[in-house]
Amino acid sequence: MDELSTNKAQYNNCFVLGSKLWNPEKRRLIKVPMYIDQKGWPKKLYGGKDGELRKFYELSYEEADQALKGYWTGRKRASGGASLRVSLYLDNAMYGNLHVFVIDFDKFDEKSEFFIRAKGLADKVTRSQGGGYHMFYGIDKNVATPLFVNLNLLTSDYAKSYISSTGNVTLDEANKVDFFCDAYHLMYEWEPWDNTVGLTDKTQSLCKLISSSFSIKRSKNTGQGGSRRRAANSKIVLLDEKDELELLPRMSDRQQNVFDNLKMISSDCPREEWFRIGIDIWHIFGDDLGGDVFRFWSEPGESFNPQGCSRTWGNIMEQGPDTNLWNDTWRDMFNVFDT
């Protein structure tokens, strides 16, 4: 039986305003963190929790709700304001002594076994604007970590997220979900957030549910300077197109400095140099964010091929732990030193 949280728990400062803004390059709406500036205007939130606007990534529920109501009752109106909602930024998001674990359903069959079990186990269920589901659970990270290692859920040691695993398809192929926990990730909530609904410890039951429903082929590696290689049977990496607005909120200030420098480097270069720069990208940004950054940087190249870029990133992740960061400028920016 799952152990219930015994303290008079509440959510920590894990709330943020979220909105959906039109992206002209992608010709679709994207979800972005927002804040209300001193003049009462909604603005896109950049910099992550290491930046100057850190406080807006870690509002209490009351602060986020007050900011939202203040905007709606005020006279300022701006693009994205109509879709402002109290949302969650999952970096160290907790309820009492439990971390918030989220299953985000991209594709689902409400009659499938996994969906029924996941919904029955969830402490909190919300709906997205498009009709999808967000299901929330509490986990004990100390207990969960060795279990998640066996499930191949953890990100690399160098990546800042604890769990950020996307595009996972159930064994019966009826559901496609993303898993997030203690991740640099915005959970945009379309429905009003009911802050009175808390979480209980579902660590063991959640691990059993995931292990019986998925085969997640990703391995945990050491990031910079490590010696372990990824498993030979790791699944093919699929890199989706992402623009700068989606990438920047996931970066620390130091990573953004490197990113600004990277944008000045042409991706129209010999393949050997392209691969070497990819290795350096991996050292700075890790597996998941690094793959998105590598594709973003590679796309303007005349010979860019999405499939080839994805295959190359898979090779970079495999070789990365046995390599060093060669770019001295980036090393100085990031204050990373080889041992």
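At least 1 residues that are closer than 23 Å to Gly138 by Cα, at pLDDT 85 or above and of a type in the set (A, V, I, L, M, F, W, C) in each: list the strands (runs of 3 or more DSSP E) lying fully within region 1-55 that qualify.
On the way: elements: 15-23, 28-36, 42-44.
Per the criteria, 15-23.
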Legend entry - Some residue of region 68-75 being out of contact with any Lys or Arg (no Cβ under 7 Å at 6 or more places or on another chain), at pLDDT 95 or above and polar (S, T, N, Q): no
Legend entry - Residue within region 323-338 that is at negative phi, modelled with pLDDT under 90, assigned to a helix (DSSP H, G or I) and aliphatic (A, V, I, L, M) present: yes
Inset, instruction - Please indicate, with yes or no, whether at least one residue in region 261-278 is surrounded by fewer than 22 Cβ atoms within 10 Å (Cβ to Cβ) and closer than 21 Å to Ser165 by Cα. - result: no
Inset, instruction - Mind listing whichever residues of region 42-101 are closer than 29 Å to Ala144 by Cβ, over 16 Å from the mean Cα position of the chain (by Cα) and of a type in the set (Lys, Arg)? - result: Arg54, Lys55, Arg85
Inset, instruction - From the list Ser298, Ser252, pick out the single residue that is among the polar types (S, T, N, Q) and more than 18 Å from the chain's Cα centre (by Cα). - result: Ser298
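Quick check: anything in region 267-284 of a type in the set (A, V, I, L, M), assigned by TED's automatic domain parsing to the domain that holds Trp330 and in a loop (DSSP other than H, G, I, E, B)? Walk me through how you get there before you give the answer.
Pass one, region 267-284, residues of a type in the set (A, V, I, L, M): 277, 279, 281, 284.
Now narrow it down to the ones that are assigned by TED's automatic domain parsing to the domain that holds Trp330: 277, 279, 281, 284.
Then drop every residue that is not in a loop (DSSP other than H, G, I, E, B), which leaves none.
Within region 267-284, not a single residue is of a type in the set (A, V, I, L, M), assigned by TED's automatic domain parsing to the domain that holds Trp330 and in a loop (DSSP other than H, G, I, E, B).
Taking region 181-220 as the search range and keeping residues that are among the aliphatic types (A, V, I, L, M) and either in contact with a Ser or Thr (Cβ under 6 Å, 6 or more places away or on another chain) or surrounded by 15 or more Cβ atoms within 10 Å (Cβ to Cβ) (or both), which one is modelled with the lowest pLDDT?
Initial filter on region 181-220 (among the aliphatic types (A, V, I, L, M)): 183, 186-187, 197, 199, 206, 209-210, 216.
With either in contact with a Ser or Thr (Cβ under 6 Å, 6 or more places away or on another chain) or surrounded by 15 or more Cβ atoms within 10 Å (Cβ to Cβ) (or both) added as a condition, the list becomes 183, 186-187, 199, 206, 209-210, 216.
On the way: Ala183: 89, Leu186: 92, Met187: 95, Leu199: 98, Leu206: 97, Leu209: 97, Ile210: 97, Ile216: 80.
Only one residue tops the list, namely Ile216.
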Legend entry - Residues within region 66-112 that are surrounded by fewer than 18 Cβ atoms within 10 Å (Cβ to Cβ) and without any contact (Cβ under 8 Å) to a residue 60 or more places away in the chain, tallied: 14
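The values are calculated or read from the model by the stated rules, or taken from the named source; none is laboratory data. Nothing here was measured: the structure is a model prediction, and the numbers come from that model. We place every Cβ from the backbone using ideal geometry, glycine too, and count neighbours over all the protein chains shown.
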